[in-house]
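Shown next, in structure tokens, is the structure this report addresses.
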Amino acid sequence: MFKNKYLYILLTTAACIGSTPATAQTAAQGYPAKTIRFVIPFPPGGSNDIVGRVTATALTERLGRTVVADNRAGGNSIIGTELVANSSPDGYTLLIISTSFTTNPIIHKLPFDPVKAFDWVAMLGVGPNVLAVTQSLPAKNIKELIALAKARPGQIVYASTGVGSNAHFGTELFKYMSGTNMIHVPYKGGGPALIDTISGQAQICLSSLIQAVGHIRSNKLRALGTSGAVRTAILPDVPTIAEAGVPDYETQNWWGVAVARGTPPAIIQRLNTEIGVILKNPETIKRLRGEGAEPVVKSPDELGKYVIGEMDKWIKLAKVAGIKGE
């Protein structure tokens, strides 16, 4: 249901942007003239926080003005996202967006329109998830996990970063494709979800690799499979979930930047250009790849089309997997 309406909004907005180059150039003169706030709508410690802070630090150096990372957690990113939707469209309040941005409309009644309220700035990167379990769980691989879950229907608890999050939808996809029944416990971000999985309060967490790899390397969690189409160089000995027992399973995390609708096009282009330079910097590439994320450069228009495509994909999953709104 999103596709036609949102594509129309996206394309008509792009046409308007392209028609006012003189106005856009004037609006961008002198930008930035003050501190920029980069809203991260999740708690510290998760993938959004890590990618967001790397970007904020690099933008500070590129723009010559401080870019402050501001964690505004709550409602599976809805609180922080609404803050940006209602902010002045002047380029001084940025928002990191990710999968939850495209799944929240399916689950929640939002206080903003996920497309009409925003302009797209730039893609930051993509990265696989990793299905990790607490060390006390006897399952040592995906097939053993599936067998255990089928032997204990409704008893194994999986943690997610919130209702409608990538972890929620990704694990529900795993349940649907593996024929298992596990209990969902949502948390306010990736950090808290991992902490309770480590402690054994929850047994499973489908986490972004970027936030879980340190816990896996320190043996606080056991990695059973990654969610990409191919194995990741960060954990080369860990098979993909597809090759380990759930054929054709694939999901990924992604991160991008958005601003309030009406932000001057030239400011958006300035930010897109600077972020593009940052993502091509060898140090940034090394840092993000070291955390399990692959930098990806896209134009504002390309990011907008990607976001709408993700919305359509998750709507289809919600239908076949029986995921319902609250």
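Just a few scattered comments:
- Estimated distance in nm for a label pair at Leu110 and Thr35, the labels positioned 7 Å out from Cα along Cα-to-Cβ: 2.8
- Relative exposure of Met311, Met177, judged by other C-beta atoms within 10 Å (fewest first): Met177, Met311
- Rounded to whole Hz, the Karplus (6.51, -1.76, 1.60) HN-Hα couplings of segment 168-175, x for glycine and proline: 5, 5, x, 6, 5, 5, 4, 4
- Which listed pairs, of Lys140/Lys286; Lys188/Lys220; Lys188/Lys319; Lys175/Lys280, have C-alpha distances above 29 Å, in listed order: Lys140/Lys286; Lys175/Lys280
- Couplings 3J(HN,Hα) of segment 153-162, computed from phi: x, x, 10, 7, 9, 10, 8, 10, 7, x Hz, in residue order, whole Hz [Karplus 6.51 cos²θ - 1.76 cosθ + 1.60, θ = phi - 60°; x for Gly and Pro].
- Taking other C-beta atoms within 10 Å as the exposure proxy, Ile198, Ile204 rank Ile198, Ile204 from fewest upward.
- The Cα center of segment 238-263 and the Cα center of segment 138-193 differ in position by 16 Å.
- Beta bridges by DSSP in segment 129-244, antiparallel share as percent, to the nearest 5: 60
- Distant-in-sequence amide contacts of Ala122, defined by a placed amide H-H separation under 5 Å and a gap of 5 or more residues or a different chain, comprise Val257.
- Whole-Hz Karplus values for segment 296-305 come out as 9, 9, 9, 6, x, 5, 5, 5, x, 5 Hz, taken residue by residue from phi with 6.51 cos²θ - 1.76 cosθ + 1.60 and θ = phi - 60°; glycine and proline positions read x.
- The chain: C-alpha gyration tensor shape, a/c 1.5 cut-off, then a/b vs b/c: prolate
- For the peptides 28-38, 234-244, 45-55, the ranking by mean Cβ contacts within 10 Å, running from highest to lowest, is 45-55, 234-244, 28-38.
- Percent RCO, i.e. relative contact order, over the chain, from Cα pairs under 8 Å lying at least 6 residues apart: 28
- Annotation: for a label point projected 7 angstrom from Cα along Cα→Cβ of Lys140, residues of segment 203-225 with backbone N closer than 18 Å are 219-225.
- Prolate/oblate/rounded label for segment 129-244 (Cα gyration tensor, a/c 1.5): rounded
- Helix axis angle, 142-151 relative to the chain longest principal axis, alpha carbon, degrees: 60
Each reported figure results from applying straightforward, stated rules to the coordinates on display, with no laboratory input. Model, not experiment: these values are computed from the prediction. Heads up, the Cβs are rebuilt from the backbone with ideal geometry, glycines too, and the neighbour counts pull from every protein chain shown.
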